[in-house]
Structures are given as C-alpha cells and as structure tokens.
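Here is the structure we will look at.
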Amino acid sequence: MESELKVLTRQSTSQRPGPEPEPEQDEGPLLKPELGTAETAQKAVTESEESIEEMEKKYAAYVRRDMYGTMGRGRLSWTERLLLVPRLVILVPIRVVAGMTILVSYYVICRVCTAFRQPNREDGEEQEDYGHLRGWRRAVILRSGRLMSRAMLFVFGFYWISETSRGNEEGFLVNQNESNDCSKELERYGAIISNHVSYIDILYHMSSSFPSFVAKRSVSKLPLVGLISKCLGCVFVQRESKSSDFKGVSGVVTERIREAYQNEFAPKMMIFPEGTTTNGDYLLPFKTGVFLANAPVLPVILRYPFQRFSPAWDSISGARHVILLLSQFVNYIEVRRLPVYHPSEQEKEDPKLYAADVRKLMAQEKMDIVVVHAYNWILHRVPDCLIVMKCKFLLTPTNVIVMLMQGNLILSDIGLPEKRVYHAALNGNISSMPSVLHQKGD
C-alpha cells in the first residue's frame with residue numbers, strides 16, 4: 001500500500017508543471033489601462049487649454065471678453081440662466097415686433113419719397129441709389145431716417161448715448177470777418193472714419209449723420225432693406241463683375257468722397273477702414289481705399305461698455321448675437337469725435353502714410369470706460385490697454401466690482417484672414433485653415 005502511494009506521489013509530482021514567469025500585464029493593478037486613459041485625457045485637456053490660451057493671445061482682437069465666453073457658448077451659472085429665461089420669453093419678442101414695426105414704417109416713407117423718381121445710376125447699372133434726391137423728398141428721408149435709427153437703437157436697449165468731442169488743438173490767428181469762413185473750412189470733410197465693432201455701428205451713424213455706406217450688391221435686392229440702402233446712397237460691391245468699364249468700389253468711393261467734400265449737400269461717406277469687426281479693444285490695419293481721395297476725414301471712436309453681454313460682433317454667430325443683445329435690459333455706447341484730420345502734402349502723395357497716421361491718432365485717444373463685472377472676471381480679462389482709475393466693490397452674491405478705467409485702442413497687425421483662421425479653429429475646421437489663409441479680405 002505504501003509503495004502504491006509512493007508511485008502516485010511520484011506521478012503527481014512529475015505531472016505538475018514548473019514555475020513559469022507571470023505575464024507582465026498581470027503584475028500591475030487591474031485598473032491600470034483605465035488610469036492610463038484618464039491621464040491621457042487630462043494631458044490632452046491641458047494641451048488644449050494651452051493651445052487655446054496661445055490662440056487667444058495671437059488673435060486677441062477677436063476674443064470675446066464677456067460672461068457668455070467664446071462664441072457666446074460659455075457655461076452660465078444657474079442664477080444667470082434663471083435671469084435669462086424670462087428675458088428671452090418676454091423681452092426679445094417685444095423688441096423684435098417693435099423693431100420690425102420701425103423697419104416697415106421707414107420703408108413706407110422711403111417708398112413714398114421715391115415714387116415716380118428714377119434712381120441715380122453710375123457705371124451703367126452697377127450702382128443705383130436715391131442718395132442725390134433734392135427738396136422735400138431728401139429732407140423727409142434724412143430726418144425720418146435719423147429718427148427711426150435712434151428709435152431702433154432704443155429698441156435694442158441703447159437708451160442713452162454718451163457723445164464727446166475733442167476740439168481742434170491747433171490755433172489760427174484770424175480776424176473776426178475771416179473766422180467764420182476759416183472754421184467752416186476746417187470742419188469740412190469728405191468721409192467719416194470709424195472703428196468697427198458691431199452692426200450697431202451702422203445704426204448709430206445713421207442716427208447721427210445719415211451717411212452712405214459700402215455694402216454688398218445682394219443687399220440692394222433684399223426686401224425692405226434694399227430700398228432703404230438705396231436711399232442712403234450706398235455704394236454696392238459686386239466682386240464677381242468682370243466688365244472692363246467697371247471702375248471698382250475704390251473708384252466709386254473716391255469720387256463720392258471728393259464730391260462730399262466739395263458739395264455740402266452731397267451725402268457723406270461712412271467707411272470702416274479695418275474691413276471687419278473686432279472686440280472693441282483693438283484697432284486693425286487700415287485699408288487705403290478711402291484715403292485715395294486726399295480729402296479730410298472725421299475720425300470717430302465707438303466703445304461699448306458692458307456688464308454681461310458684449311455688443312461686439314467678433315466670434316459669435318449673427319442669430320445668437322441678436323438674441324442675446326435683445327435680451328439685455330440696458331446696453332451702452334460711448335462715442336468720441338476727434339477733430340477733422342487734414343492730410344499734409346506728404347500724406348496726399350502717400351495714402352498708406354495717410355491711413356497709418358489717422359490710425360495712430362485714433363489709437364492714442366484716451367477714453368473713460370465704466371466696467372461692471374464679477375471680480376474673478378476682472379482679474380483675468382481686463383485688457384492691458386486699460387488703466388484702473390477708480391474701483392468700488394458691491395456686496396452681492398456674485399462679488400460684483402465697478403471699475404472706472406481709462407484706456408486707448410491697441411494697435412494690432414492681424415486682419416480678416418486671421419479672423420477666419422480663428423473662427424475655423426473655434427469651429428473645429430482645422431483642415432480648412434490653410435485654404436482660409438488664401439481667401440481675399442472683404
């Protein structure tokens with residue numbers, strides 16, 4: 001019996017496999033792959049945040065600096081959401097109806113004033129407008145247009161407009177008889193030059209001086225707006241035109257500016273030389289088309305102080321911007337008019353120098369700005385161009401801070417192509433970024 005047990009013991013020992021090295025994956029904990037994925041995701045998030053910060057520094061002129069964040073899609077607190085809902089349900093529809101009523105009313109006025117009148121045509125049928133009407137027709141279009149534009153601003157929440165002017169600092173020794181003629185000569189200009197922040201800029205300038213603008217050819221065919229743009233005397237751009245006799249928008253604008261400077265009854269031209277909108281803190285390079293006329297210009301600076309939502313139309317879609325703008329109870333606009341800029345002989349010979357000098361003058365102008373916002377937002381979002389003049393804290397659950405600042409516009413070297421690259425990156429269209437760089441600016 002013992003011998004049999006010994007045999008069985010030997011057999012079981014011989015059949016037992018020897019020690020084998022354990023697989024490497026078994027040495028670590030079971031959740032190691034998951035932890036690796038989490039670390040990878042965290043690293044990707046960190047790199048993404050760093051890339052966003054670098055991109056915001058590079059394209060700082062188009063970065064939104066309000067509570068709603070990039071593209072107006074930032075995360076809002078529950079308090080802000082609760083405040084936003086009733087405004088979207090009640091305030092926005094009321095303002096939309098009121099705005100459409102004003103638009104239709106002014107269209108009817110323009111239709112009556114242009115009845116049985118042929119439009120002014122330039123370059124065959126390329127340019128067509130009613131900006132050169134005379135008599136009561138022009139007076140009604142002009143006065144009612146300014147009134148309706150101001151009413152539209154009121155509907156949008158711009159109840160008060162702060163306007164300041166800086167007088168001409170140059171002194172001239174003239175006698176009493178010549179003083180009036182000299183002052184009139186100094187105040188004459190052919191075009192208004194303004195920084196471009198939002199489509200609200202157009203409404204303000206219409207309410208102020210009712211000038212002519214540069215618009216796409218398709219605008220003239222839009223319902224309601226088409227006739228109104230013709231009554232403004234807009235210069236329409238048709239980029240696809242290949243006709244040999246087409247002078248181009250630059251030639252038409254140059255002629256209009258010279259005519260406005262020589263004839264006080266001709267409509268003034270309103271030009272945004274930057275060519276696109278910014279967030280209001282920067283001033284992009286000026287295009288030289290408006291300065292080819294060698295006529296004096298009137299520089300105007302627009303700023304939009306805000307508390308929650310910035311009226312700047314930078315990196316946000318048009319529909320979202322209109323809805324959020326209409327949902328604000330009060331919006332603010334500050335206007336600074338500079339003295340009429342008369343070009344020197346050297347600037348007349350070099351339009352680039354003329355444009356650069358006017359841009360530099362506008363950038364150096366100091367303006368007082370009131371900022372009301374959350375304390376944490378102030379610490380991270382105040383542009384470097386602003387200097388804090390006065391500070392006051394309000395004891396509220398959101399730690400609101402009121403700051404009176406003084407600052408000027410920052411000169412930036414980027415333009416419309418960089419804006420398209422920034423928008424493509426925000427929308428995730430990275431593959432389209434190289435082609436965007438080669439697109440021609442508007």
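Exposure check, 1.4 Å probe, all protein chains in place: Glu56 carries approximately 40 Å² of accessible surface.
At 0.36 nm per residue, minus the direct Cα-Cα distance, what do Val85 and Arg188 gain on full extension? Give it in nm, one decimal, please.
Stretched fully, the Val85-Arg188 segment lengthens by 32.2 nm.
Accessible surface for Val108 stands near 80 Å², nearest 10, in the context of the full protein assembly shown (1.4 Å probe).
Note that the stretch 88-150 presents 59 Å² accessible area per residue, ligands and nucleic acids not counted, probe 1.4 Å.
Of the cross-linked pairs Lys58/Lys230; Lys57/Lys230; Lys360/Lys419, those separated by over 32 Å at the C-alpha level are Lys58/Lys230; Lys57/Lys230.
The apolar share of the surface of the stretch 69-115, taken as the fraction of accessible area on carbon and sulfur atoms (1.4 Å probe, ligands and nucleic acids excluded), comes to 75 percent.
In the stretch 250-354, carbon and sulfur make up what percent of the accessible area (probe 1.4 Å)?
The C+S portion of the solvent-accessible surface of the stretch 250-354 is 52 percent.
With every protein chain left in place, what is the accessible area of Ile316 in Å² (1.4 Å probe, nearest 10)? Counting only protein heavy atoms, the figure is 10 Å². Accessible area per residue for the stretch 320-360, computed on protein heavy atoms with a 1.4 Å probe, is 48 Å².
The values are calculated or read from the model by the stated rules, or taken from the named source; none is laboratory data. On a predicted model such as this, the values are computed, not experimentally measured, just so you know. Please note that ligands, DNA and RNA were not included when accessible areas were found on the heavy atoms of the full protein model with its side chains. Shrake-Rupley method; radii C 1.70, N 1.55, O 1.52, S 1.80 Å.
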